[in-house]
1. Can you tell me the length gained on complete extension of the stretch LYS310 to ASP194, counting 0.36 nm per residue apart and subtracting the Cα distance?
2. Calculate, for ALA210 and ASN107, the FRET efficiency according to 1/(1 + (r/R0)^6) with r their C-beta to C-beta distance and R0 51 Å; round to the nearest 0.05.
3. Would you tally the net charge around PRO217, using a Cβ to Cβ cut-off of less than 10 Å, leaving PRO217 out, and scoring K and R as +1, D and E as -1?
4. Between ILE43 and ALA126, what is the spin-label point distance in nm, taking each point 7 Å from the Cα along the Cα→C-beta axis?
5. Full-extension gain between LEU68 and HIS34, please, as 0.36 nm times their residue separation minus the C-alpha to C-alpha distance.
6. Return the sequence-ordered ³J(HN,Hα) values of the range 29-44 in whole Hz as given by the Karplus equation 6.51 cos²θ - 1.76 cosθ + 1.60 applied to θ = phi - 60°, using x for Gly and Pro.
7. Can you pull the one-decimal nm distance between simple spin-label points at ASP187 and GLN56, each 7 Å off the Cα toward Cβ?
8. Using 0.36 nm times the number of residues separating HIS280 and GLN266, minus their current alpha carbon distance, what extension gain do you get?
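Derivation of every value follows stated rules applied to the coordinates shown; laboratory data play no part. Remember, it's a predicted structure, so these values are computed and weren't measured experimentally. No Cβ is skipped: glycine too gets one built from the backbone with ideal geometry, and neighbour counts run over all protein chains shown.
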Amino acid sequence: MESATLIGETLAELQVRPVERSEEGRYQEQMRRHHYLGALPKIGETLWYVATWREQWVAQLSLSAAALKCAVRDRWIGWDFRSQYGRLKLIANNSRFLILPDGRRPNVGSRVLSLTERRVVADWQARFGHPLLLLETFVDPRRFHGGVYRAANWIELGLTLGYRRTREGYRDAAAPKRVFVRPLGRDSRARLLDPDRLQLTGAAKIMLNAEQMRSLPLCFTQIADPRRAQGRRHRLPVVLGIAAGAVLCGMRGYKAMANWAEGLGQPARQRFGCRREQGHYLVPSEFVIRDCLVRIEPGALDRALTTWSKAWGAADDALAIDGKTMKNARDENGHQTHIMSAVGHDSKTCHAQKKSALCR
């Protein structure tokens, strides 16, 4: 890179763009080599960015799912756990930020953050189909002061409580982290508090634990596989279990399900019962997921998921009863079809659903 006398020119030529699929191996390798926390797999909604200067990589940045619990962030927004649970997808966590050795020049870090903010809202909407209102990050005070985030106009909220999430729950961490946030609009906090303004749709997503991952494929073992035996690479319960897990975690559409599956780490793939080749567990592709789902009788899927919901669904203090008329759907007698559902207020689970042509 040019000498320090050309810093201004260097900053003007910096560009930030998403990492292409063919570059993901290089991205992960450099994270493993240069970042003190190592690389992270893609899980759920994740975007990777690279900053370049004249085609040379100078920085890497990862945006992924927001922290489930963060007391200082939640107080700053003004919501409680019950109200914010379905809106976490509107926040992204800057889970990795790496300045590569060739990019370590004054102001490069804050410039990369600024360029990322300018494009991430449009990228997130195009990629995941919903808005992004806030960025957050956690800085280890034993290693860093967070100066790059302050220089990029991020807001320091305080310290975490010092807990870290593990398989067994939350445990004390070695040290609390500094929490920084960056609103992506003037009214971001108001929009986070007012879901009706956002016109959010769909059921709230959950976070699957290890036992829930293992139990999902077991629900589908009684469903007959409609595919020919020749050429099957993935067992039907595994395919359906992964598809159901993706939907429970907020994914919509076959592509989103496949991307969620690709982001699963090796331990998670093992829990779902994925097939193993050359020491690695493989997940079904978008084509396989679509091919299985369109062939399965919807009633069989509904019964299997109802069984899982009864075992794992959260307790509900109240149920909401709602009915809808299916447009242009009539039975053999010409009567219009109606669907009535009972949905839990707390869990957002559909506990029962009845289809009838006799409802009025």
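1. 38.7 nm
2. The calculated FRET efficiency here is 0.70.
3. Net local charge, PRO217 excluded: +3.
4. 2.8 nm
5. Full extension from LEU68 to HIS34 adds 9.5 nm.
6. Each residue of the range 29-44 in turn: 4, 6, 5, 4, 7, 10, 8, 5, 9, x, 8, 10, x, 7, 10, x Hz.
7. 4.5 nm
8. In short, 4.3 nm is gained.
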